Amino acid sequence: MRYPLVAIVILNYNGRKFLEKFLPSVMATTYPNYKVVVADNGSTDDSVAFMQTKYPQIELDQLEQNFGFAEGYNQALLKRQEDYFVLLNSDVEVSADWITHIIALMEADERLAVCQPKILAHKQKEQFEYAGAAGGWIDKLGYPFARGRVFDDIEKDRGQFKTSKDIFWASGCALFVKAPVYKELKGLYGVFFAHQEEIDFCWRAQNAGYKIACCTASVVYHVGGGTLPKGYRKTFLNFRNSLMMLSRNLSIKEKRWKLPLRLMLDGVFAVKCLVGGDFTSVKAIWNAHMAFYKWCLGKNNSKVHSNRQLLKLSGVYDGLLVWQYFLKGKKSLKIL
């Protein structure tokens with residue numbers, strides 16, 4: 001087997017406690033040809049001092065400010081020359097052979113450009129973790145979910161999901177990508193800042209003819225929510241970025257009816273939040289819509305990348321997730 005050079009790049013923002021806890025597992029990786037890079041996203045804690053003192057052998061890339069997840073990784077990766085990049089969250093514990101299985105899978109298929117491991121919860125290791133689980137899917141209205149996680153309902157790992165090459169998106173918490181493809185697609189879309197940028201990237205990769213996979217032989221354990229906890233900012237980014245992603249990637253024909261329908265469903269959810277007294281979410285959704293309209297009026301921001309219809313891509317559920325989950329009460333979908 002060929003062992004291409006893999007750069008494990010951890011984007012850190014005020015995550016000193018995570019670096020201290022989880023870097024030992026990363027450094028115990030058994031793959032024979034890798035390097036670890038910590039790209040510090042303008043931290044204001046003692047992350048830099050900790051790295052310089054405790055891990056002087058690890059390459060430290062100090063970014064001049066907090067660029068967010070998307071642009072932060074672009075700043076760190078677009079200048080690099082390794083064969084593969086691994087975008088790894090600082091709050092992830094890895095298994096020793098986590099790289100070997102995925103590289104073997106990706107080397108065997110030149111069209112397989114993006115891959116993720118199986119992602120389990122760090123505190124409940126028998127359970128999938130929200131951010132990716134056993135591989136991301138999307139429904140025909142653009143609502144993302146994952147094998148093992150639908151909205152906030154998360155399954156236990158009972159071995160029900162096998163290695164698959166037909167997922168729609170790979171999780172940004174442990175994302176493997178062939179370096180030439182990352183550069184060809186000009187990286188993540190920096191305007192997103194954080195949230196759903198990996199789904200947008202994988203959608204663009206599929207539109208360009210590449211494949212996305214989950215390799216369940218590789219396992220990592222994710223804490224989740226370590227950098228941006230639940231609240232106004234997370235809700236705002238999720239709603240705004242989801243609309244941007246649809247506008248950037250849907251075919252013109254689909255965009256004409258799917259975007260108005262998504263805007264309407266957002267409004268229904270906002271009314272539900274209002275009735276429930278969740279005024280923070282109502283404000284976040286309103287501001288997300290206003291930001292989306294402003295973005296649409298910007299130069300070239302709504303450019304379509306491909307006219308391939310969504311249902312022609314891999315990992316797309318030909319149904320309505322909202323209908324199945326909220327009206328029919330299905331908390332999981334039998335997708336293998």
- Item | Identity of the residue in the stretch 27-61, in a helix (DSSP H, G or I) and either of a type outside the set (A, V, I, L, M, F, W, C) or touching a Phe, Trp or Tyr at 6+ places or on another chain (Cβ under 9 Å) (or both), that ends up surrounded by the most Cβ atoms within 10 Å (Cβ to Cβ) | SER47
- Message: Just to be sure before I move on: is TYR130 under 15 Å from the mean Cα position of the chain (by Cα) and either part of a helix (DSSP H, G or I) or without any contact (Cβ under 8 Å) to a residue 60 or more places away in the chain (or both) in the structure I sent?
- Response: no
- Query: Would a scan of the stretch 269-290 turn up a residue that is surrounded by fewer than 19 Cβ atoms within 10 Å (Cβ to Cβ), of a type in the set (A, V, I, L, M), at pLDDT 95 or above and touching a Lys or Arg at 6+ places or on another chain (Cβ under 6 Å)?
  - Reply: no
- Message: I'd like to know if the stretch 66-78 contains one or more residues that are exposed (fewer than 15 other Cβ atoms within 10 Å of the Cβ), at negative phi and in contact (Cβ under 8 Å) with a residue 24 or more places away in the chain.
- Response: yes
- Would you confirm whether any residue within the stretch 219-227 is buried (at least 24 other Cβ atoms within 10 Å of the Cβ) and either at pLDDT below 95 or out of contact with any Leu (no Cβ under 8 Å at 6 or more places or on another chain) (or both)? no
- Task: Inspect the stretch 253-263 for any residue being part of a helix (DSSP H, G or I) and under 30 Å from ILE103 (Cα atoms) and give the result as yes or no.
- Result: no
- Task: Restrict the check to the stretch 150-164 and report whether at least one residue is surrounded by 24 or more Cβ atoms within 10 Å (Cβ to Cβ), assigned to a strand (DSSP E or B) and touching an Asp or Glu at 6+ places or on another chain (Cβ under 7 Å).
- Result: no
- Item | Matching entry among ARG262, ARG248, ARG256 (being at pLDDT 90 or above, under 22 Å from LYS211 (Cβ atoms) and not assigned by TED's automatic domain parsing to the domain that holds GLY136) | ARG248
- Query: Considering only residues of the stretch 239-252 that are in a helix (DSSP H, G or I) and among the hydroxyl-bearing types (Ser, Thr, Tyr), which is surrounded by the most Cβ atoms within 10 Å (Cβ to Cβ)?
  - Reply: SER242
- Query: among the charged types (D, E, K, R) and closer than 23 Å to PHE201 by Cα, is that true of ASP139?
  - Reply: yes
- Query: TRP169: hydrophobic (A, V, I, L, M, F, W, C), at pLDDT 95 or above, touching a His at 6+ places or on another chain (Cβ under 9 Å) and farther than 22 Å from ILE285 by Cα, yes or no?
  - Reply: no
- Those residues that are outside any loop (DSSP other than H, G, I, E, B), of a type in the set (A, V, I, L, M) and surrounded by 21 or more Cβ atoms within 10 Å (Cβ to Cβ), I need them from the stretch 165-190; list them, please. ALA174, LEU175, VAL177
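The values are calculated or read from the model by the stated rules, or taken from the named source; none is laboratory data. Because the structure is predicted, anything quoted here is derived from the model rather than measured. In this analysis, Cβ positions are derived from the backbone assuming ideal geometry, glycine residues included, and neighbour counts consider all displayed protein chains.
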